[in-house]
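The values are calculated or read from the model by the stated rules, or taken from the named source; none is laboratory data. Keep in mind that this is a model prediction, so the values were computed, not measured. Neighbour counts are summed over all protein chains in view; Cβ atoms, including those assigned to glycine, are modelled from backbone coordinates with ideal geometry.
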Amino acid sequence: MSSASAAIAALAGTSLDLIEAHQHASGAYPACPHYPVYRFSWLRDGSFIADAMSRGGRPASAEAFFGWCARVIDTRAERIAELIARAASGQHVPDTDLLPTRYTLDGDESDEPWENFQLDGYGTWLWALRAHRARFPRPDEPLRTAVATTVDYLVAFGTRPCFDWWEEQPTQRHVSTLAAVAAGLRAATDLLDDPARTADATRAADAIEALILEQGTHDGHLAKWLGSTAVDGSLLSCLTAFATVEPGSPLAEATYLRVLADLRADGVYRYRGDTFYGGGEWLLLTAWLGWYETLTGRDELARTRLGWIAAQATPEGWLPEQVTGRAQDPSFVPVWTKRWGPVATPLLWSHAMFLTLAIESKAWSPS
């Protein structure tokens with residue numbers, strides 16, 4: 001084994017152990033155990049973390065997270081039914097009444113202010129659950145009620161404007177969010193045993209994907225939100241996990257090339273004009289870029305991305321959320337450091353996407 005391969009293998013082992021060590025007894029994953037505002041569990045982050053643990057040969061960890069998701073949903077089943085009934089009757093349902101994006105590790109809702117109305121996590125947990133079931137089949141009865149309730153919620157509210165992955169732009173309908181909702185609804189059709197609800201999920205997913213193609217593109221590439229001309233790093237999920245467009249297709253290639261042109265330094269920026277810690281290079285987005293490259297035969301490029309991610313690890317083997325050496329606006333680095341402390345490290349989602357890319361690029365495989 002080469003020294004580079006050994007380093008990747010070592011970091012993969014560290015990543016698996018780190019995620020497992022910080023998983024709460026409830027099954028929830030904290031976004032970052034050492035960063036106060038990230039000591040919560042997001043359905044989005046947690047779902048991608050669970051997917052990486054499933055891929056990496058730690059199915060019990062993934063199973064525990066999906067159980068936590070189901071309890072979060074089941075606990076709110078009556079509230080969700082009421083929300084859907086209000087919307088169906090023509091009442092306006094304000095965003096503040098809808099489900100939050102982050103929960104305490106016990107599955108409760110926090111009183112702390114947060115940009116909470118986001119929809120993508122509710123689709124992503126369904127996507128991740130189906131992918132896990134494909135690897136590790138088992139009966140779905142304990143989770144089926146939560147899956148059905150999530151489908152009903154997404155059918156009713158899945159195309160509403162909401163905050164994006166970055167807790168910004170709440171008045172827009174974001175393409176990566178819509179893609180997550182559609183992917184979750186499609187995943188649910190393999191998890192449900194209710195033909196009527198399955199048909200509803202299929203119709204809703206078809207409509208969302210049509211909406212993306214009709215209004216979520218610009219100049220041949222996917223756009224940040226419906227009607228936008230810009231790209232966002234989160235769009236890489238549409239070319240990979242969520243399978244919104246076929247890898248290698250003209251739309252996928254145009255999106256990939258635009259991300260390269262607009263958002264790549266060594267790593268990948270979230271979007272142009274980002275000022276969070278100066279708008280640095282995000283490790284998890286760099287992994288998404290490499291994932292697409294593995295799907296389109298750009299194997300050397302993908303391994304270059306993997307090596308760059310690994311090189312950002314601390315001496316303890318911890319991966320940060322972003323690195324700021326090539327920040328878009330370095331003047332904001334001290335602003336955010338004063339407000340919230342140093343960049344979140346270790347970010348469990350960064351470790352998860354490192355694992356995913358290591359496996360997808362065949363640079364490492366679980367024993």
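For the criterion of being within 24 Å of residue 28 (Cβ to Cβ), touching a Lys or Arg at 6+ places or on another chain (Cβ under 7 Å) and modelled with pLDDT of 95 or more, residue 282 passes. Whether a residue is crowded, with 16+ Cβ neighbours inside 10 Å and either assigned to a loop (DSSP other than H, G, I, E, B) or under 20 Å from the mean Cα position of the chain (by Cα) (or both) was assessed, and residue 254 does not pass this test. Within the stretch 72-118, the set of residues being of a type in the set (S, T, N, Q) and part of a loop (DSSP other than H, G, I, E, B) comprises 89, 91, 101, 104, 110, 116, 118. Contact map, the stretch 1-20: first residue more than 16 Å from residue 315 (Cα to Cα), second residue part of a helix (DSSP H, G or I) and among the polar types (S, T, N, Q), Cβ cut-off under 9 Å, separation 6 or more or different chains; pairs are 16/61; 19/61; 20/61. Selection of the stretch 77-92 for residues being touching a residue at least 24 places away in the same chain (Cβ under 8 Å) and either in contact with a Lys or Arg (Cβ under 9 Å, 6 or more places away or on another chain) or within 20 Å of residue 108 (Cα to Cα) (or both) yields 77, 80, 81, 83. Can you confirm whether the stretch 261-277 contains a residue that is on the phi < 0 side of the Ramachandran plot, part of a helix (DSSP H, G or I), among the hydrophobic types (A, V, I, L, M, F, W, C) and free of Cβ contacts under 8 Å to residues at least 24 places away in the same chain? Yes: one or more hits.
Starting from the stretch 130-142, take each residue that is of a type in the set (D, E, K, R) and list its partners that are assigned to a loop (DSSP other than H, G, I, E, B), counting only C-beta distances under 8 angstrom and pairs at least six apart or across chains. Listed pairs, sorted by first residue: 130/190; 130/191; 133/140; 133/190; 133/191; 140/191. The residue that is farthest from residue 30 (Cα to Cα), counting only those in the stretch 313-350 that are among the polar types (S, T, N, Q) and within 21 Å of the chain's Cα centre (by Cα), is 322. Kindly indicate the residue of the stretch 21-39 that is assigned to a loop (DSSP other than H, G, I, E, B) and free of Cβ contacts under 8 Å to residues at least 60 places away in the same chain and also surrounded by the most Cβ atoms within 10 Å (Cβ to Cβ) among those meeting that condition. Per the stated criteria, the residue is 23. When each of 178, 185, 191 is tested for being in a loop (DSSP other than H, G, I, E, B), of a type in the set (A, V, I, L, M) and either under 19 Å from residue 43 (Cβ atoms) or in contact with a strand residue (DSSP E or B) (Cβ under 6 Å, 6 or more places away or on another chain) (or both), the lone residue that passes is 191.
When the stretch 308-328 is filtered for residues that are buried (at least 21 other Cβ atoms within 10 Å of the Cβ), within 19 Å of residue 278 (Cβ to Cβ) and of a type in the set (Gly, Ala, Ser), only 327 remains.
The requirement of being at pLDDT 95 or above, more than 24 Å from residue 221 (Cβ to Cβ) and in contact with a strand residue (DSSP E or B) (Cβ under 9 Å, 6 or more places away or on another chain) is not satisfied by residue 322.
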